[in-house]
Amino acid sequence: MALKPLRDRLVVKPLEQEDRTKSGLVLPDSAKEKPQEGKVIATGTGKLLDDGLVKQLQVKHGERVLYGKYSGTEVTVDGQDYLILREEDVLAIVQS
Amino acid sequence: MALKPLRDRLVVKPLEQEDRTKSGLVLPDSAKEKPQEGKVIATGTGKLLDDGLVKQLQVKHGERVLYGKYSGTEVTVDGQDYLILREEDVLAIVQS
Amino acid sequence: MALKPLRDRLVVKPLEQEDRTKSGLVLPDSAKEKPQEGKVIATGTGKLLDDGLVKQLQVKHGERVLYGKYSGTEVTVDGQDYLILREEDVLAIVQS
Amino acid sequence: MALKPLRDRLVVKPLEQEDRTKSGLVLPDSAKEKPQEGKVIATGTGKLLDDGLVKQLQVKHGERVLYGKYSGTEVTVDGQDYLILREEDVLAIVQS
Amino acid sequence: MALKPLRDRLVVKPLEQEDRTKSGLVLPDSAKEKPQEGKVIATGTGKLLDDGLVKQLQVKHGERVLYGKYSGTEVTVDGQDYLILREEDVLAIVQS
Amino acid sequence: MALKPLRDRLVVKPLEQEDRTKSGLVLPDSAKEKPQEGKVIATGTGKLLDDGLVKQLQVKHGERVLYGKYSGTEVTVDGQDYLILREEDVLAIVQS
Amino acid sequence: MALKPLRDRLVVKPLEQEDRTKSGLVLPDSAKEKPQEGKVIATGTGKLLDDGLVKQLQVKHGERVLYGKYSGTEVTVDGQDYLILREEDVLAIVQS
């Protein structure tokens, strides 16, 4: 079974804390919203614009992305946790 | 009797928990909004754009979709429960 | 006397509970907003778009429609109760 | 002295309860917002659209209209009460 | 010294209660927002539209206008009180 | 060091109360928001419109402007206090 | 590892208080929101406009910028603190 996100949505597999430390990303100890890191495993067809055109997403399948802690909706498929969020909620692509 | 949803609305038949487990989808035990799974049984003619054009929906009749727990409006027709929601509220199409 | 709704508004005659049961529609016992059923007795000329064009309504005179419980404004004309609402508030057309 | 409403605004003379009963309109006894009836005595030049064009109003001088109880701003000119409201706040034109 | 309001703003000199009574305008005794009357002494160059064009104002220098009680910002120049408000806040032009 | 404000922002040097009295501007004693007076010392390149074009600002370097008391963000450079605000927050240009 | 911000987002390295004093910028002691200073180390490809076009950013890599205290999201990469914010949140470019 697979998930096909709609429009400008992405399916992201959150990275465990160990993976994130290995990639060099450490979250600061502050009261601010802390971003999360994950790997994109599915992307929508693009953002629906006001005039009906569809704008291709900038984020690609397989990329690592940062997103806000409270972004998106959690879902579990075949025992694995995923997150469905909008590209708008992606702060940055993590390049290694 | 049948329901013909307007514009970008869908009529969805929610799947029972047993069906959802069979399809491999399990909801995580967290405080986040939990998505629901259902089968699309009717679709509107499309989203009305600002300039008056109508944008065809991406979701098709018969597809399984995920949507937020508090999305849409419940209705019962001939003893069956349905949900009327906007395509905007659909997170992803479930492909088996 | 008759009511001529403006733009994208409709005048709807709410159906009594008996009529609604006959049509097969039963409302579920839940905390969610429950839709109402009514018959369209007058329609506006269409929705005024941002660029000044007028988009014809999808709902036609005489059709049965579902709408949210708290949608629109009640009015009584010649001893009969009506509801004036926007087409946007119509969830679906009921086809028999 | 006269009032010349701006853009998409109207000056309306509210009808007394007696006038309204004669016209057949009775307000239901409910917690919902109750519409008011009045006669249009002045109209603006039209609604200013986003692109700067002006869209002619649908409501004409002399017509009777229904509007929400809390719509518009009251004003008294030469001892007479009037209401200045936007065409957007007009629910329907009352045809006799 | 003079004030040159920006874009769709106006400088208005509020009329004293005596002046207002003379012009025939009396405010009703109600809980609704009461409009104020004033004389336009300066107008902006026009409203900046979304596409960058500038739409000429409808209100002219020297006209008397009605506006909501809580609209605009008070300012005193050379001992005189003025109000700076947007044309959007003007309800109607008072013609004598 | 200098500040180059972005897009439709301005850098304004607030005028001291003495300067303001000299220019004839006195603030009324009321509960309404009181405007402030300042001198524009830097302007952005213009407002970014929805279609990507840039609209030149109306306010020029060196002009005196009125703005709301709670508008903008304070900053101190080389011991001098400045305010960074949007042209939208400017009520009027003060001409002497 | 590097961060590639999306669309109209920037990655900024906040400047320490010492650096800021050297550059001549001192924050006033007031209740207003205090701006922060930082150096831009990565920029997005541009702002996505409503019609799907992408507008190049005004802020360049290497520039020093002022931004509001509560803007953006903190992130730590390889032991260094960064801030991801939108160009919209940048008040001004600091020129030395």
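The values are calculated or read from the model by the stated rules, or taken from the named source; none is laboratory data. Computed from a predicted structure; not experimentally measured. Cβ coordinates were reconstructed from backbone atoms using ideal geometry, including for glycine residues, and neighbour counts include every protein chain displayed. The area values use the complete protein model at the heavy-atom level, side chains included, leaving out ligands, DNA and RNA. Shrake-Rupley method; radii C 1.70, N 1.55, O 1.52, S 1.80 Å.
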Pairs with Cβ under 7 Å, 6+ apart, first in the range E:36-55 and on the phi > 0 side of the Ramachandran plot, second not in a strand (DSSP E or B)
E:GLY46/E:ARG7; E:GLY46/E:ASP8; E:GLY46/E:GLN56; E:GLY46/E:LEU57; E:GLY52/F:LEU49; E:GLY52/F:LEU53
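Which strands (runs of 3 or more DSSP E) does the range D:22-96 wholly contain that include 1 or more residues that are more than 9 Å from chain C (Cβ to nearest Cβ), at pLDDT below 95 and open to solvent by 70 Å² or more (accessible area, probe 1.4 Å)?
On the way: elements: D:35-43, D:64-68, D:73-77, D:80-86, D:90-95.
Answer list for the range D:22-96: D:80-86.
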